[in-house]
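First the structure, in the form of structure tokens, and then the observations on it.
Read-outs throughout are calculated quantities, based only on the coordinates presented, and are distinct from any laboratory measurement. None of these values were measured; they are calculated from a predicted model. Neighbour counts are summed over all protein chains in view; Cβ atoms, including those assigned to glycine, are modelled from backbone coordinates with ideal geometry.
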Amino acid sequence: MITVFYDGKCGLCAREINHYRKIAPEGRITFADVATYPQWLDGTGLNQADALRYLHAVDAAGQVHKGASAFTLIWSEIDGWRWLVPVVRAPIIKQLVDVAYAGFAHLRFKMYRHCRVAELTER
């Protein structure tokens, strides 16, 4: 079982997760809105601000995946998306995707008041 932590107050994030929710195999992925229910993070070692800034997922072994790595974990469970996993994990592609995602995530995080409030609360 994979648990995906996402920002349910972000329209783009919520739409993407709802798409994955519709196409993911039953019982393979739990989607946890940490903007609305931060208690999903209890015992994970993640704080709410980090979980809002970047998509995170925890695999069946308890390993935390962040950003593009979290996306590839999700895609590895979904028919029609698995082919993207080796492409995105290829060394040069992974570095480019990681940089692009980090830039996007930083900008998105700064746009939303609930993210900034979570960041201030964590300090």
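If you restrict to DSSP beta bridges whose two residues both lie in segment 2-122, what percentage is antiparallel, to the nearest 5? Of all bridge pairs located within segment 2-122, approximately 55 percent are antiparallel.
Of the residues 89, 53, 113, the one with the fewest other Cβ atoms within 10 Å heads the list, and the complete ranking is 113, 89, 53. Once Cα extents along the principal axes in Å is calculated for the structure shown, the corresponding label among [x] 39, 32, 26; [y] 82, 37, 30; [z] 36, 32, 26 turns out to be [x]. Counting only Cβ charges, +1 for Lys and Arg and -1 for Asp and Glu, the dipole size of the chain around its Cα centre is about 380 debye.
Screening the chain for DSSP H helices whose Cα atoms reach 24 Å or more along their own axis and whose mean Kyte hydropathy is at least -0.5 gives 91-111. In loop segments of segment 33-95 as defined by DSSP, the chymotrypsin sites (Phe, Trp or Tyr not before Pro) with at most 12 further C-beta atoms inside 10 Å of their C-beta are 83.
Using the 10 angstrom Cβ neighbour count as an exposure proxy, how do 93, 74 rank, fewest first?
Fewest to most other Cβ atoms nearby, the residues stand as 93, 74.
Averaging Cα coordinates gives a centre for segment 85-113 and one for segment 1-59; these two points are 17 Å apart. For 82, 15, the sequence from fewest to most other C-beta atoms within 10 Å is 15, 82.
Each Cα pair under 8 Å and six or more residues apart adds its sequence gap; the mean of these over the residue count of the chain is a relative contact order of 26 percent.
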